Amino acid sequence: MGRFAFTDAEAAEGRRLWESDPAIRAVFPDLAALTQATPAELATRIGETKARAVTAYLRRHPEATVRAEGSTLSLARTRLAESEAAYRRGDRRAATDLALSAYLDGVEPMEPALGARDGALLRRVETAMTDLRVSISRGAPAQEVADRVARANALLDTAERALAPEEADNLASFLGAFTILLREGLEAIFIVVAMIAFLRKAERPEVLRYVHGGWVAALVAGGATWAAATFFISISGASRELTEGFGSLLAAVVLVSVGIWMHGKSHADAWQTYIRDKLSHALSKRSAWFLFLLAFVVVYREVFETILFYAAIWSQGGHLGMLAGALTAVAILAVVAWALLAYSKRLPIGRFFSLSSILMAILSVVLVGKGVAALQEAGWLDVHPLAWIPRIEILGLYPTVEGVAVQLLTIAILVVGFSRHAAPKGARPAS
């Protein structure tokens, strides 16, 4: 056994070299290259001392070459090492681009699988990658950048161990599929149900087909996206983040305007005026297609995210558990939709508009926060952390200056809009 010809210290040094130097990993692109190489041949390429250390490590851990061959996390390690080297050379632009590539090309493809296995670990990895980019952008000392890289590599090791069981059991697949679809589906359900309930209150059933057409088209587009991503193209991490980011911001802009409009119709005089004019411009063909677009954007954003997670879960096994989790989430979402529609029928029109406007306002703030965070992860927006702000994903709250500032601006617009469309004194509540 060749492994006993080397010391533990050499093996430890070999691991450090293997994980930090992409040029060394390039010598052994796969397991076959390892079995065919000799220490003497390697010494002619990287030097005798390094050759002994790397050989010591790989003979004890030959699976490292398999890991490098099959996991995008290996690419993340390579990009991190290259980013650190570029930063030490004084090339901050290259260091920034390489750090971003480490996340988008190395970590992002593994996010769905890791999120299903260990969501808290995924958030720590994301934070470590963001912290590295922040240190590079502000010109931190080289040692601080090196420490950030080491921290990220340590978390990648932990992530790889979490992903090590290639076959997920049915319980893990059930929980992953259930929680993902329920989480992504609730936002879309709230918005689509509010539109359907509004059209019923307005006695405009002929426009309902535009709303139903919007969410059905989103499901069809989602299916086409899955097919394309599975058989024809690879959806890059940047494409995913940009789709989520711009989709969230577009939906947020629409929800702000709809929320302010609904608030203005929550008193009797405004509602009665709207009713008198409803057969004219108020719900024209253009408005109907606007509702179609809103339903499509809101649902497709959630479908796009869910498809990527489901594809990752499916590839890990536990297919029966995944299907059961998805069907259970669909059943719960259907019950939630039915309950909301039934409840909205009993609400006085003024109360309905008041609650709907509040819901739209809250969702717009959440979506704008998520949109900014996605664009930051894609490298389109700078990141300035706020250590004293907690990260609350369900509220779209991320501890960055940019995210918090845009959310505060959205809240300010909503407050001004609601104030300008407040019910006049003495107005009767709509009923």
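Altogether, the Stokes-Einstein calculation at 4 °C and 1.567 mPa s, with the Kirkwood radius of the range 85-162 over Cα pairs as Rh, returns a diffusion coefficient of 102 µm²/s.
For Gly318, nonlocal amide neighbours, meaning residues 5 or more places apart or on other chains whose placed amide H falls under 5 Å from its own, are Ala168. Taking Cβ atoms as reference points and 14 Å as the exclusive limit, the residues near Ile189 contribute a net charge of -1, counting Lys and Arg as +1 and Asp and Glu as -1. The packing ranking of peptides 396-406, 186-196, highest mean first, is 186-196, 396-406, where packing means the average number of other beta carbon atoms within 10 angstrom of each residue.
The ratio of the alpha-carbon radius of gyration of the range 364-421 to the globular-protein estimate 2.2 N^0.38 Å is 1.16. For the range 325-335, backbone phi angles converted through the Karplus equation (6.51, -1.76, 1.60; θ = phi - 60°) give residue-by-residue couplings of x, 5, 5, 5, 5, 4, 4, 5, 4, 5, 5 Hz, Gly and Pro being listed as x. Across the range 87-98, coupling constants 3J(HN,Hα) worked out from phi with the 6.51/-1.76/1.60 Karplus curve, θ = phi - 60°, read 5, 5, 6, x, 9, 5, 4, 5, 4, 5, 5, 5 Hz, and Gly and Pro carry x.
Close amide H partners of Leu397, meaning residues 5 or more places away or on another chain with modelled amide H under 5 Å apart, are Ile392.
We did not get these values from a lab; they are worked out from the coordinates using the rules stated. If you're wondering where the values come from, they're calculated on a predicted model, not measured in any experiment. As a convention, Cβ positions derive from the backbone with ideal geometry for all residues, glycine included, and neighbour counts pool all protein chains shown.
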